[in-house]
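Structure record follows, encoded as structure tokens.
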Amino acid sequence: MFFVSVGSINYEFTRLLNALETLSYKDRCKVIYQGYINKSHEISSFKILTYIPRKSYLEYIEQSEIVITHCGIGTIYECAHLSKKTIIVPRLLKYSEHNNDHQLEIFNELSERPIPNIYPLLDLKNLEETINFVLNQKISTSPVPSGLGNLKNEIQINTNKFLML
Amino acid sequence: MNGRKKTIFYIASRGGHLTELLMIKPNLPKNKVKEFYITYDKDDSLENVIIINSFLLSQPIKIFTCFFKALYVTCKYKPDLIISTGAELAFPFIIISKIFYKTNVIYIECSAQVFTKSITGRFCYLFSDKFYVQWPSMLKVYGKKAEFKGGFLCSSFQ
């Protein structure tokens with residue numbers, strides 16, 4: 001199963017859905033679309049879930065062969081830490097797919113300094129090829145770079161200070 | 001104030017904002033601190049969730065409703081500290097708490113922002129007591145108050 005997530009923001013990402021429709025892997029896609037949904041998507045050939053709780057969301061990621069998602073930091077982070085091969089496609093401002101181009105920034109950053117198992121893709125024409133390529137890649141077990149520990153410590157210290165604990 | 005439990009608000013819109021907040025939130029003693037999550041969707045894995053109807057910055061009526069709900073919730077629980085990772089949902093709560101209760105605010109700019117300020121970040125920069133960014137490149141974009149201590153996908157200065 002390919003798990004496709006386009007996040008929970010109130011903007012459409014029709015471009016990705018259309019690209020999925022043309023795939024030879026089409027039947028293997030399971031799409032979730034938690035944000036704004038256009039009526040026309042309901043008659044598309046995918047089973048579209050509009051809202052699922054976090055727990056089942058993580059279960060879908062774990063069960064899937066590869067994940068295809070927008071460049072949303074939440075999903076990228078979860079997938080990287082679950083060592084799941086993931087194709088990330090930025091939502092672009094020029095197609096009104098988001099309110100700014102921060103997804104393009106993430107795309108650029110992760111293209112220049114890749115993190116394990118995350119495969120950035122800009123041009124959706126190459127989706128099929130990319131999937132073929134990614135399917136043949138081994139799952140990398142190298143650690144994901146993260147400065148989360150430091151940030152968390154810092155927040156803990158300041159919280160204790162502010163709350164006078 | 002002695003003897004009263006401290007109150008903390010965790011505020012995050014859905015998606016990455018919430019994921020980040022849950023990962024970096026501090027561990028606090030339950031007998032001393034009451035924790036509330038303010039977000040858009042119900043989540044069974046969290047206790048004390050306050051649900052706000054989602055709004056966009058282009059929807060004035062919804063913003064107005066949200067403001068009133070924020071006013072009610074803030075006055076009811078009188079937060080001592082707000083920790084937020086954005087986005088727009090943080091606006092009303094931070095303004096109201098700051099004005100009425102001089103609440104301390106820790107704001108963490110979402111790691112989705114690599115080179116440009118978010119709208120919420122711009123605003124929260126002015127109202128926060130601690131302001132963190134998650135990429136070193138963001139330090140130049142904001143002023144002196146911004147600090148970089150590490151980010152979700154970024155371990156050190158590169």
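The values are calculated or read from the model by the stated rules, or taken from the named source; none is laboratory data. All values derive from a computational prediction rather than experimental measurement. In this analysis, Cβ positions are derived from the backbone assuming ideal geometry, glycine residues included, and neighbour counts consider all displayed protein chains. In case anyone asks, the SASA skips ligands and DNA or RNA and just uses the protein heavy atoms, side chains included. Shrake-Rupley method; radii C 1.70, N 1.55, O 1.52, S 1.80 Å.
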In whole Hz, with x marking every Gly and Pro, tabulate ³J(HN,Hα) for segment A:84-89 from phi via Karplus 6.51 cos²θ - 1.76 cosθ + 1.60, θ = phi - 60°. 9, 5, 9, 9, 10, 10
Pairwise Cα inverse-distance average, inverted: Kirkwood Rh of segment B:40-126 (Å): 13.8
FRET efficiency, 1/(1 + (r/R0)^6) with R0 41 Å, evaluated for A:GLU112 and B:PHE64 via beta carbons: 0.45
With Rg from the Cα atoms and Rh as the Kirkwood inverse mean 1/r over Cα pairs, segment B:83-158 has an Rg/Rh of 0.97
Value of relative contact order over chain A, rounded to a whole percent, pairs C-alpha under 8 Å and six or more apart: 20
Cα-centre dipole for segment B:29-141 with unit charges at Cβ (Lys and Arg positive, Asp and Glu negative), debye to 20: 380
Using amide H atoms built 1.01 Å from N in the peptide plane, name the residues 5+ places from A:CYS29, or on other chains, whose amide H lies under 5 Å from its own. A:PHE2
Once you keep just the Cα pairs under 8 angstrom separated by 6 or more residues, what percentage relative contact order results for chain B? 19
Please give the charge dipole size of the protein assembly as shown, origin at the Cα centre, charges +1 on K and R Cβ atoms and -1 on D and E Cβ atoms. Round to the nearest 20 debye. 1340
Need one number: nm distance between label points at A:LEU82 and A:GLU65, each 7 Å from Cα along Cα→Cβ, rounded to one decimal. 1.7
Need one word for segment A:40-121: rounded, prolate or oblate. Basis is the Cα gyration tensor (sqrt eigenvalues a ≥ b ≥ c); a/c below 1.5 gives rounded, then a/b vs b/c decides. oblate
Note to self: C-alpha centroids of segment B:65-128 and segment A:134-154 sit apart, in Å, by 29
Would you kindly derive the ³J(HN,Hα) couplings of segment B:100-109 from the backbone phi angles with the Karplus curve 6.51 cos²θ - 1.76 cosθ + 1.60 (θ = phi - 60°), listing them in order in whole Hz, with x for Gly and Pro? 7, 10, 6, 4, 6, 10, 10, 10, 10, 5
What Kirkwood hydrodynamic radius, in Å, does chain A give when the mean of 1/r is taken over all pairs of distinct Cα atoms and then inverted? 16.9
Starting from the residue with the highest accessible area, list A:ARG91, B:ARG14, B:ARG4, B:ARG122 in decreasing order, probe 1.4 Å. B:ARG122, B:ARG4, B:ARG14, A:ARG91
Per residue, the convex hull enclosing the Cα atoms of the protein assembly as shown spans a volume in Å³ of 133
Helix-derived [θ] at 222 nm for chain A: sum -39500 (n - 2.57) over DSSP H runs of at least 4, divide by residue count, nearest 500? -11500 deg cm²/dmol
For segment B:2-158, state what percent of all Cα-Cα pairs lands in each successive 10 Å bin, counting from 0 Å until the bin that includes the largest distance. 11, 41, 36, 12, 1
Note, ³J(HN,Hα) from phi for segment B:52-69, Karplus 6.51, -1.76, 1.60, rounded to Hz, x at Gly and Pro: 10, 5, 5, 9, 10, 5, 8, 10, x, 5, 5, 4, 4, 4, 4, 4, 5, 5
Which lysines have a Cα lying under 17 Å from the Cα of A:LYS26, excluding residues fewer than 8 positions away in the same chain? A:LYS47, A:LYS125
List the lysines whose alpha-carbon lies under 18 Å from that of B:LYS130, not counting same-chain residues fewer than 8 positions away? A:LYS152, A:LYS161, B:LYS25, B:LYS98, B:LYS102, B:LYS117, B:LYS140, B:LYS144, B:LYS145, B:LYS149
Residue with peak Gaussian network fluctuation, chain B [Cα springs, cutoff 10 Å], from B:LYS69, B:LYS25, B:LYS102: B:LYS25
Out of residues 5 or more away from B:CYS154 or on other chains, whose amide H comes under 5 Å of its own, with H placed 1.01 Å from N in the peptide plane? A:GLY147
Calculated from DSSP helices alone, with each H run of at least 4 adding -39500 (n - 2.57) and the total divided by the residues of chain B, [θ]222 nm to the nearest 500 comes to -10000 deg cm²/dmol
Stretch B:LEU57-B:ILE99 to full length: gain in nm at 0.36 nm per residue minus the Cα-Cα span? 13.0 nm
